[in-house]
Amino acid sequence: MRPPQLSGVGVSPGRASGPVVKVTESIEEPASTPAPDDPHAEAALVAPAAQTVAARLEATAASAGGDAATILTTTAAMAADPALVSQAEQLVTAQRIPAARAVYEAANNFAHALSSAGGYMAERVRDVQDVRDRIIAELLGVEPPGVPSLTRPSVLVARDLAPADTAALDPATVLALVTEEGGPTSHTAILARSLRIPAVVAVKGALTFEAEAVAVDGDTGVVVGADPDAPVVTASEATGAEWDGTGATEDGRRVGVLANVGAPADAQAAAEAGAEGVGLFRTEFCYLDVDTEPAVADQRAAYAAVLGPFAGKPVIVRTLDAGADKPLEFLAQEPEPNPALGVRGVRVAFDRTGVLDRQLDAIAGATEQTGADVSVMAPMVATAEEAAWFTDRVRAAGLSRAGVMIEVPSAALTAREVFDAVDFVSLGTNDLAQYTFAADRQLGAVAALNDPWQPALLRLIALVGEAAREKGKPAGVCGEAAADPLLARVLVGLGITSLSMNAGSVRAVGAGLASATVADCERAASAALAAASPADARAAARAAAELA
């Protein structure tokens, strides 16, 4: 008899099986009664609880590294956010409600605002809910919900995992992750890949699945009931430990193996992981949580801290990717009915050229200071005319190499004309998939549409690869698609010349490319392009790889 099974979206490769441990849901909603005898004394409890939670998260971040450290530090800052604490305190005194209830309501107000903003800001909702539950638990003197202490290697099953919980997982005891929500670009997915833990997301019915043990396939997205008495099976994905640090195929075709970074800690982790450079430096960290635009000198110092570990090596800096769906207070933009399709990315610069020019000035200064081999690219470029406009501004700032991100289908479809205006392009496969399939990349219900193995997405990438070969210019991928060693082969076969990913995936991708020839990559690409579904594309590429 065939064992029962579920299916979702595989987001971190590898196979593992073992006993199931289900993760506790969010904390129970606190009551609005009884009213505190002394509202001011009750309100005074909020700030210390928030600071305690922030301190714990910061301590965990200090012992972590790479993506995990960055996410934990960001979550700690959210826990200590004065705005959240102040609003909760005001609710206690104004409505005479317990501190725990006030934190619950204040955090939910923040979460609703972020959700309404959509896009990048909506991705932070889970973080706010996690912080909310941790502060409430501290106020009530109870254990916060989340991952329990594991007494044996287990498969974690949850509705979703908070970034802080995921970042703190121990690969020695967590065999695999299965969640009902999330998508290929969620924090759970990114961190699972970084930690080399097989993971499947968007698995409907995972929490009610009646199985004491399961087998998880992070490649195909299949979760199957398993014999609870069978021996535990750990992840079988290769670690990449034998990679020599040079990005190249077995027959010598150079392929840059780079890292995505967004803060100095990321850059250090990427350098330690052996990344040959940076394929995506997200500069937004310099602008977050400020009321006014950072001064050029402050920006220059912040950028230099990231560029420093890569002196003499290639670094691609993305200019400010903000706007309607990533609101920054100093931009003072008007509300939009559909922020994800509004004035964001390079579109902000069209009306605020000074913001872009000052950032380019800071990047040029940091480049001179550190000696990194810097290129600059713009996000959300839709046409060749926009690409040419950006290139002119980059040249005027004294920077020699200008490129654009291809995240909008129109840019992929007109790649030849875009290449005429720039020195290189980089495909942001996360947004390119989202816009190609009209599917919010953070929504679990449509996660399958954002699978990077979707044939339609691969065919758009192929168009860009063909244009790159024709024009003799580089085309990279800096979306999470680059972190999959098998898909990396396909991308190289499609004409991609560099791959940029989270630091934890660098060695596995480098090793995977080193064991394949260009012909192997091209066969895998042809097989995937001919497929009718993501599952078929992945299976066809794997079959081609096994024949190599």
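The values are calculated or read from the model by the stated rules, or taken from the named source; none is laboratory data. Keep in mind the model is a prediction, meaning the values are calculated, not measured. Note: ideal-geometry Cβ built from the backbone for every residue, glycine included; neighbour counts use all protein chains shown. Accessible surface areas use protein heavy atoms only, side chains included; no ligands, DNA or RNA. Shrake-Rupley method; radii C 1.70, N 1.55, O 1.52, S 1.80 Å.
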- Message: For the stretch 294-442, place one equal point scatterer on every Cα, skip the solvent, and apply the Debye formula. What is log10 of I(q)/I(0) at q = 0.19 Å⁻¹?
- Response: -1.20
- With all protein chains modelled, accessible area of MET78 [1.4 Å, Å²]: 40 Å²
- For the stretch 363-443, alpha-carbon Rg and Dmax in angstrom: 14.0, 42
- Helix-only CD estimate at 222 nm, as mean residue ellipticity for the chain, using -39500 (n - 2.57) per DSSP H run (n ≥ 4): -13500 deg cm²/dmol
- Item | Hydrodynamic radius (Kirkwood) for the stretch 67-171, which is based on Cα pairs only, to one decimal in Å | 14.8 Å
- Query: Considering only protein heavy atoms and a 1.4 Å probe, what is the carbon-and-sulfur percentage of the accessible area of the stretch 278-401?
  - Reply: 50 percent
- Of SER410, SER7, SER12, which has the most accessible area and how do the rest follow, probe 1.4 Å? SER7, SER410, SER12
- Item | Dimensions (Å) - the stretch 348-397, Cα atoms, principal axes, largest first | 32, 20, 17
- Note on the structure: In nm, the gap between the two label points placed 7 Å beyond Cα toward Cβ at ALA230 and ASP38 is 6.1 nm
- Message: Using protein chains only and a probe of 1.4 angstrom, how many square angstrom of ARG542 are accessible, to the nearest 10?
- Response: 70 Å²
- Query: LEU175's amide H: which non-local residues (gap 5+, or another chain) put their own amide H closer than 5 Å, with H modeled 1.01 Å from N in plane and none for Pro or chain starts?
  - Reply: SER154, VAL155, LEU156
- Listed values [x] 0.97; [y] 1.01; [z] 0.95, entry calculated as Rg/Rh (Cα atoms, Kirkwood Rh): [x]
- Rounded if a/c under 1.5, otherwise prolate or oblate - the stretch 125-203, Cα gyration tensor axes: oblate
- Query: So what are the radius of gyration and Dmax for the Cα set of the stretch 1-68, in Å?
  - Reply: 21.2, 64
- For the stretch 1-150, how big is Rg over Rh, using alpha carbon atoms and the Kirkwood form of Rh? 1.05
- Query: Relative to the present Cα-Cα distance, how much length would full extension add between THR151 and ALA297 at 0.36 nm per residue of separation?
  - Reply: 47.5 nm
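Evaluate 2.2 N^0.38 Å with N set to the residue count of the stretch 71-115, then give the Cα radius of gyration divided by it. Could you put the intermediate results ahead of the total?
Values: Rg = 11.0 Å, N = 45, 2.2 N^0.38 = 9.3 Å.
Output field value: 1.18.
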- Message: Amide H of VAL11 versus every other amide H placed in the peptide plane: which residues, excluding those fewer than 5 positions away on the same chain, fall under 5 Å?
- Response: ALA199, VAL200, VAL201
- Message: To make sure I understand the rule: partners must be aspartates and glutamates, Cα under 18 Å from the Cα of LYS313, and not fewer than 8 residues away in the same chain. Which ones qualify?
- Response: ASP244, ASP266, GLU272, GLU276, GLU368, ASP373, ASP423
- Query: Counting only protein chains, not ligands or nucleic acids, how are LEU114, LEU175 ordered by accessible area (probe 1.4 Å), most first?
  - Reply: LEU114, LEU175
- Message: Rounded to the nearest percent, how much of the accessible area of the stretch 471-548 (1.4 Å probe, protein heavy atoms only) is carbon and sulfur?
- Response: 57 percent
- Query: Between ASP420 and ALA77, what is the spin-label point distance in nm, taking each point 7 Å from the Cα along the Cα→C-beta axis?
  - Reply: 4.2 nm
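With a sphere of radius 11 Å drawn around the Cβ of GLU522, what net charge do the other residues whose Cβ falls strictly inside it have (Lys, Arg +1; Asp, Glu -1)? Walk me through the numbers on the way to the answer.
Details: positive: ARG253, ARG489, ARG523; negative: ASP520.
Taking every other residue near GLU522 into account, the sum is +2.
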- Message: Return the equivalent ellipsoid semi-axes of the stretch 482-533 as a descending list in whole Å, where each equals the square root of 5 times an eigenvalue of the C-alpha gyration tensor.
- Response: 19, 12, 9
- Item | the stretch 459-548: translational diffusion in µm²/s, Stokes-Einstein, Kirkwood Rh over Cα pairs, 10 °C, 1.306 mPa s | 123 µm²/s
- Å² of accessible area per residue within the stretch 358-498, as computed with a 1.4 Å probe and no ligands counted: 32 Å²
- Task: Add +1 for every Lys or Arg and -1 for every Asp or Glu among the other residues with Cβ under 13 Å from the Cβ of ARG358, and state the total.
- Result: -1
